[in-house]
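Encoded as structure tokens, the structure appears first; notes follow it.
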Amino acid sequence: MPWDLVKLNDGHTMPSIAFGTWTLGNGQGPIDQVEQALSVGFEHVDTAQAYRNEAEAGQGIKESGLSRSDVFITTKYSGTGGLDVETSIDNSLKNLGVSYVDLYLIHSPRLATPDIPTIWSKMEKIKADGKAKSIGVSNFQVQHLETLLNSAKVKPAANQILLHPYVYKSQAPLLEYCAKNNIVVEAYSALIPLTHQPGGPVDKPVNAIASRLSAKPEQVLLAWVKAKGAVAVTTSSRKDRLQSYLSAADLELTNEDIESIDKAGARSS
Ligand SMILES: NC(=O)c1ccc[n+]([C@@H]2O[C@H](COP(=O)([O-])OP(=O)(O)OC[C@H]3O[C@@H](n4cnc5c(N)ncnc54)[C@H](OP(=O)(O)O)[C@@H]3O)[C@@H](O)[C@H]2O)c1
């Protein structure tokens, strides 16, 4: 597989590109799309309680015919229905039809009630009970991680955050902090320059690099995520696009390419 496995701080490994189910809705559609992603070579499915399609994700994984150990499953505690984290993980496992997830994340620091140390100790218990092989967080900023690390027995394995060129400058200190503390950064919505901000300053360098490398702009953005040392969490309804996402790992961006994207991204703010 072109995207390497990333070593987590607890000894487990994680495929460095994930197929996300956030926008897929319910019913047969997401089942087929998860199956399609696995059929082209994705080995990591990213879902969440809040996406309300864990059952479809689980069904798609089952229908892929892959064995449980061949698929890395991430889900998240989203506080849906006001349920506590202990009840939520049990529901997620039931929805997904599995006995454990590979990674369980707190979806946002605002869900850390009554406080970060208390919810993190519950996450540690979920790991100790074998319901999640690894535990982590999402959308945590440096101050949240500092609070967490002050009381943690188990370090978070990953922090899943918004990361694309237009927010790189503001997220860079968080990336540095995570690297220093051996926390893997997972980047979601990396394609925002294409999906939500087309016509912005990032287009020029991304298009120039894409045409030089005979690649697609979305491939350049995913290669940029990889160059930042982050795991890419993306999605597509299209088989050809999913295949192109996977081959994006082979694009060789130069330091100048990366700098040109960073500089253009910083110009938006
Ligand atoms: N932890 C969190 O708080 C959080 C928040 C947001 C997302 N996530 C995770 O990250 C996953 C991905 O999020 P995202 O959908 O925002 O990611 P994204 O990777 O930025 O965008 C994926 C979308 O880009 C579209 N796309 C690809 N190439 C394009 C092009 N050249 N022009 C126009 N559109 C293009 C695809 O559309 P097609 O389907 O048409 O190919 C697809 O819907 C989610 O499913 C979820 O698992 C997590």
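The values are calculated or read from the model by the stated rules, or taken from the named source; none is laboratory data. Here the structure is a predicted model, which means the values were calculated and not measured. Methodologically, a virtual Cβ is constructed for each residue, glycine included, from the backbone with ideal geometry; neighbour enumeration extends over all protein chains shown.
Output the number of residues of segment 80-100 satisfying the condition of being surrounded by 19 or more Cβ atoms within 10 Å (Cβ to Cβ) and among the hydroxyl-bearing types (Ser, Thr, Tyr).
Number satisfying all stated conditions: 2.
Each residue in segment 135-175 was checked for being within 24 Å of residue 15 (Cβ to Cβ) and without any contact (Cβ under 8 Å) to a residue 24 or more places away in the chain, and 1 of them qualify.
Kindly establish whether residue 212 is modelled with pLDDT under 95, out of contact with any helix residue (DSSP H, G or I) (no Cβ under 8 Å at 6 or more places or on another chain) and among the charged types (D, E, K, R). Steps first, answer last, please.
Values: modelled with pLDDT under 95: no; out of contact with any helix residue (DSSP H, G or I) (no Cβ under 8 Å at 6 or more places or on another chain): yes; among the charged types (D, E, K, R): yes.
Spelling it out, it is not the case that residue 212 is modelled with pLDDT under 95, out of contact with any helix residue (DSSP H, G or I) (no Cβ under 8 Å at 6 or more places or on another chain) and among the charged types (D, E, K, R).
Filtering segment 187-220 down to residues that are of a type outside the set (Phe, Trp, Tyr), within 8 Å of the ligand (Cβ to nearest atom) and touching a residue at least 12 places away in the same chain (Cβ under 8 Å), which residue is surrounded by the most Cβ atoms within 10 Å (Cβ to Cβ)? Across segment 187-220, the extreme among qualifying residues is 190.
Checked against the criterion of being of a type outside the set (Val, Ile, Thr) and within 21 Å of residue 138 (Cβ to Cβ), the candidates 97, 65, 82 yield just one match: 82. In summary, residue 46 fulfils each of the numbered conditions (1) touching a strand residue (DSSP E or B) at 6+ places or on another chain (Cβ under 9 Å); (2) within 13 Å of the ligand (Cβ to nearest atom); (3) more than 18 Å from residue 91 (Cβ to Cβ) with the single exception of condition (3).
Residue count for segment 137-165 satisfying the condition of being crowded, with 22+ Cβ neighbours inside 10 Å and within 12 Å of the ligand (Cβ to nearest atom): 10. Annotation: of all residues in segment 229-246 being surrounded by fewer than 17 Cβ atoms within 10 Å (Cβ to Cβ) and more than 11 Å from the ligand (Cβ to nearest atom), the one that is nearest to residue 190 (Cα to Cα) is 229. Of the residues 64, 69, the single one that is farther than 30 Å from residue 117 by Cβ, surrounded by 16 or more Cβ atoms within 10 Å (Cβ to Cβ) and more than 16 Å from the ligand (Cβ to nearest atom) is 64.
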